[in-house]
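See structure below.
Please treat every number below as a calculation from the coordinates, not as lab data. Treat the numbers as computed from the prediction; the structure is a model and nothing was measured. Don't worry about glycine lacking a Cβ; one is built from the backbone with ideal geometry, like all the others, and counts go over all protein chains shown.
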Amino acid sequence: MWAVIRSDVYRTATIRSSRISLLVLAVLAALLGWVNVDAWGLLAGMAAFGLAAMVVAQHHQHRTAVLLYLAVPRRVAVLAGQLVAAAVVATGFVAVSGLTLLARGEPDRYRHLLLVAPVMAVFGAAGAAVVRRSTWLLLGSAGWFVFVEGLLTRLEAPLPFSAFLSAGAGEPRGLLIASAWASLACVVATVAVGRDVTGD
């Protein structure tokens, strides 16, 4: 498991496209945080979800999942390592991009987002382990967020992204609900990780 964590964090930090994407996104988020704290919170949460999904899904996209499972045959251990690596990357992103909030005198909002970012990352990474295609996961999640959580329930139902937003605003109930959704996603991912990878 530790080898998977080191490998995925190292891969994310050293592949040029990942490094450039992280840097550009962090700068944009930091600038947005200087202008509007709520907009930064939304962008930081969605970025945590998306970055975590990319950490896991890239193995299937680039067909390195077979090599990964040959190196570490216990797939649940691989999944656990990927979840931790995704949480590390996402939390690091939120920590860096939110420094402008500290400069603005908003330490509470910064702290709340740092607490919920790993939960959102685990939710995104577990979803990617099930779907295996980051584009499908991100488009489906965006549609779910806009139409189901936004339009139908007005962000008031105990659903994953609504819970993240309320947790980011400092509501403890939102953090509990987001953690429950992340735990459910982990259970589904644990079952799904055993599927064949040669057809990806």
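What the table shows:
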{"quantity": "Trypsin sites (Lys or Arg not before Pro) within segment 33-126, DSSP loop, no more than 16 other Cβ atoms inside 10 Å", "calculated": "Arg63, Arg74"}
{"quantity": "Helix runs (DSSP H) in the chain reaching 20 Å along axis by Cα, Kyte-Doolittle at least 0.5", "calculated": "16-35, 37-61, 75-97, 107-131, 172-192"}
{"quantity": "Which label in (i) 18; (ii) 35; (iii) 41 gives the computed percent of Cα pairs over 30 Å apart", "calculated": "(i)"}
{"quantity": "Inter-label distance for Ala169 and Leu70, nm, one decimal - labels placed 7 Å from Cα along Cα-to-Cβ", "calculated": "5.1"}
